1. On average over all directions, what projected area in square nanometres does region 126-240 have, based on the convex hull of its Cα atoms?
2. Which percent of the accessible area of the chain is formed by carbon and sulfur heavy atoms (probe 1.4 angstrom)?
3. Show that you can apply the helix-only estimate: for the chain, add -39,500 (n - 2.57) for every DSSP H stretch of four or more residues, divide by all residues, and state [θ] at 222 nm to the nearest 500.
4. May I ask for the net charge around residue 224, where only other residues with Cβ less than 15 Å from the Cβ of residue 224 are counted and Lys, Arg are +1 while Asp, Glu are -1?
5. Starting from the 7 Å offset along Cα-to-Cβ, what nm value, one decimal, do you get for the label separation of residue 157 and residue 62?
6. For residue 87 and residue 41, compute 0.36 nm times the residue count separating them, minus their Cα-Cα distance, and round to one decimal in nm.
7. For residue 189, what charge total do you get from the other residues with a beta carbon under 10 Å from its beta carbon, if Lys and Arg give +1 and Asp and Glu give -1?
8. Provide the FRET efficiency to the nearest 0.05 for the residue 165-residue 76 pair, computing r from the beta carbons and using R0 = 30 Å.
Amino acid sequence: MDQKWDESDTELFLRYGRVFIPERDELEKAFIDLIPANHDEELVVVDIAAGGGWLTETIVSTFPKAHVIALDGSSEMLDYTKDQLNQYADRLEFRHFDLFDDSWLKGLPNNIRCFVSSLAIHHLDLKQKQDLFKKLYLNLQENGALLIADILKPVNEIGRRSMSRSWDEVTKKQSLDLEDNLQAYEYFLNAEWNLFEHPDDPVDKPSTLLEQLNALEQAGFSDVDAWWVKAGHALFGGYK
Ligand SMILES: C[S@@+](CC[C@H](N)C(=O)[O-])C[C@H]1O[C@@H](n2cnc3c(N)ncnc32)[C@H](O)[C@@H]1O
């Protein structure tokens with residue numbers, strides 16, 4: 001059976017996600033750089049498991065004619081994000097979806113320029129990722145892109161230790177820089193959020209970067225690459 005994200009994680013992530021994601025400012029800029037559209041163009045973007053909506057917000061605020069379909073499996077996340085992004089309501093659509101059931105793909109429009117996703121695809125195992133990448137490729141416009149930021153599976157023990165140390169350090173620094181105290185960092189430790197240190201949560205099934213780049217190529221994507229890597233997280237994807 002597929003293990004599911006728990007609503008208690010929703011609360012923790014809404015409160016501390018900003019601190020737990022390494023260098024989110026840089027990640028936001030990189031996503032914007034890589035979306036294949038001019039800022040004044042009309043385009044449709046789908047944010048897969050949008051969560052608290054930071055990526056959706058970055059896109060609607062940068063591309064004034066963008067329409068974003070924000071998907072998530074948590075009603076609490078969707079309600080929160082809808083409320084937060086109310087000023088963009090006319091260009092946003094919120095849909096409840098289940099990552100493990102691809103029926104959500106059937107209801108999509110046929111003019112999607114970009115699928116984006118942050119920190120969610122690792123809930124699928126490698127085979128499920130391969131299947132999803134193929135289906136996303138088929139649902140993209142020509143010249144479209146799939147851009148994913150996610151946590152990686154280390155390739156060996158020496159890599160795991162480095163990823164773990166680096167994520168721990170960046171979280172501690174961001175807790176101090178963004179919140180002026182160590183509370184978020186303490187939650188990170190207490191909730192055993194650093195999966196390089198605590199890899200046993202069955203909800204997390206990260207794949208290595210290379211496995212995912214290969215899966216993208218096998219799905220048909222070209223210009224497959226990773227553009228940002230930090231603390232065991234990467235932004236990678238490909239173009240159609
Ligand atoms: C770590 S959060 C990331 C949220 C957001 N993309 C971000 O970067 O802040 C993971 C998100 O995936 C959603 N999620 C987890 N499992 C899911 C599933 N099986 N179906 C749909 N959404 C799911 C959760 O509700 C949550 O919003």
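The values are calculated or read from the model by the stated rules, or taken from the named source; none is laboratory data. All values derive from a computational prediction rather than experimental measurement. Cβ placement follows ideal geometry from the backbone for every residue including glycine, while neighbour counts extend to all protein chains displayed. The protein model used for the area step is the full one, side chains on, heavy atoms only, and it has no ligands, DNA or RNA in it. Shrake-Rupley method; radii C 1.70, N 1.55, O 1.52, S 1.80 Å.
1. 8.0 nm²
2. 45 percent
3. Roughly -13000 deg cm²/dmol at 222 nm, from the helical runs in the chain.
4. Taking every Cβ under 15 Å from that of residue 224, the sum is -2.
5. Label at residue 157, label at residue 62, 4.1 nm between them.
6. That works out to 14.6 nm of additional length.
7. Once all neighbours under 10 Å are counted, the net charge is -3.
8. Efficiency for this residue pair is about 0.40.
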